Amino acid sequence: MNGNLTPSDPLQQTIRFAAAYQVLNDAIPARAFPGCAFGVLSAGQVVLHDALGRFTYEDDSSQVHPETIFDIASVTKVAATTAIAMLLHQRGQLNLDTPLGDVLPAFLAGRPQEDPAHRVQLRHLLAHNSGLPGYIEFFRTAANATDLMNACFNLPLGAEPGARAEYSDPGFILLGKALEAILGEPLPAFTQREIFDPLAMTSTCFNPSPLIHDAIPPTENDTTFRHRRIQGEVQDENAWLLNGAAGHAGLFSNAADLLRFAAVILNSRSKKVPRGAPGTLFKPATVKLFSKRQGPKGSPQALGWDTPSENSSSGRHFSPRSIGHLGYSGCSLWIDLDAGIAVALLTNRTWPDRKCQLIREVRPAFHDAVRAVL
């Protein structure tokens, strides 16, 4: 992967990926999102890196640039939380079969021995089959981070761990806290030192400096909770109440950094790393383990990662050996482990509110157009 992440001929990339550009150009006036940044990695080289549109729908709004930083929402789950779990596992510091209650005793406080919470393992949290609910508006009743975590600790399980797949934000909130307990330090400090700095992901962080808030597209005009324009601070209310950094959301990044992260995942497949590419952070066995579907039957969830399923946002051409993740704000990252291709698409589809769902059509169409070229 070239160091500056700039394709050698911008005009040629526009011509080559004309159909992909058309999908995005059509999406903006349809109000799927006001702007987007995107990038494509193939055979260790960036073959597409560009941006379209503006921060908002107003004509005088700032233009999105290829380097623009976005709130990547639940892509945090792979670029930070799952990445930490992968590193700790291969370093022998994390056993996937460890009961959550052994790491976070508060999760079991007051629960009888027959409660299925006693059988929740770290593996279940990563695989979204812990039995925990999908989403809870903790912020409606919690006054601070402590209140929110106490409410999360006391959640009842709706199923026996491993028996039912349900994508769970509370599960990843708990996973983030468990990893912090194992590390003995907050997630932002570890990810910065062990992941982002080594990979030169210089635009990736939790809680961006107020000095750059105006350079980040706003995600929402919040009229119900914070009652202000949300820009440069995490949109997810639960993550915001957890001081902007949580296992499920809170990370900000740009297309270039996500491609660097994807390149390291892809580089793990071979000892021969392309010239100028980042080193190998993850061992092949680690990527193989974490990219394997976990069950129950029919669930597309691997360990932390999603995999292609019917009507997947990845479109029709990503191989079964692909991993990726979506973000509620309109961001996504998909990596094809067989083809050696990664695609990052960053948008603020929730501006000015969360009503529009056109991103569900745009994502697969964009990915199909990209893969038709490659």
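The values are calculated or read from the model by the stated rules, or taken from the named source; none is laboratory data. Predicted, not measured: the structure shown is a model, and the values here were computed from it. Glycine gets a Cβ as well: all are built from the backbone with ideal geometry, and neighbour counts include every protein chain shown.
Annotations for the structure displayed:
- Filtered by the rule that a residue be under 23 Å from SER61 (Cβ atoms), out of contact with any strand residue (DSSP E or B) (no Cβ under 8 Å at 6 or more places or on another chain) and either surrounded by 19 or more Cβ atoms within 10 Å (Cβ to Cβ) or modelled with pLDDT under 95 (or both), the range 1-26 gives a lone residue, VAL23.
- Residues located in the range 211-262, provided they are closer than 11 Å to SER329 by Cβ and either of a type in the set (Asp, Glu) or modelled with pLDDT under 95 (or both): GLU220, ASP236
- Candidates LEU41, LEU48: the one that is in contact with a Pro (Cβ under 8 Å, 6 or more places away or on another chain), under 30 Å from PRO284 (Cα atoms), part of a strand (DSSP E or B) and not β-branched (Val, Ile, Thr) is LEU48.
- So THR76, is it in a loop (DSSP other than H, G, I, E, B), under 20 Å from the mean Cα position of the chain (by Cα) and within 18 Å of SER203 (Cβ to Cβ): no
- From the list ASN129, ASN95, ASN207, the one residue that fits, being under 24 Å from SER299 (Cα atoms) and either within 17 Å of the chain's Cα centre (by Cα) or surrounded by 18 or more Cβ atoms within 10 Å (Cβ to Cβ) (or both), is ASN129.
- Of all residues in the range 45-77, exactly one satisfies the criterion of being buried (at least 16 other Cβ atoms within 10 Å of the Cβ), polar (S, T, N, Q) and either modelled with pLDDT under 95 or more than 17 Å from ILE230 (Cβ to Cβ) (or both), namely GLN45.
- Helices (runs of 4 or more DSSP H) contained entirely in the range 108-208, each with at least 3 residues that are within 18 Å of LEU94 (Cβ to Cβ) and not charged (D, E, K, R): 122-127, 169-183, 187-191
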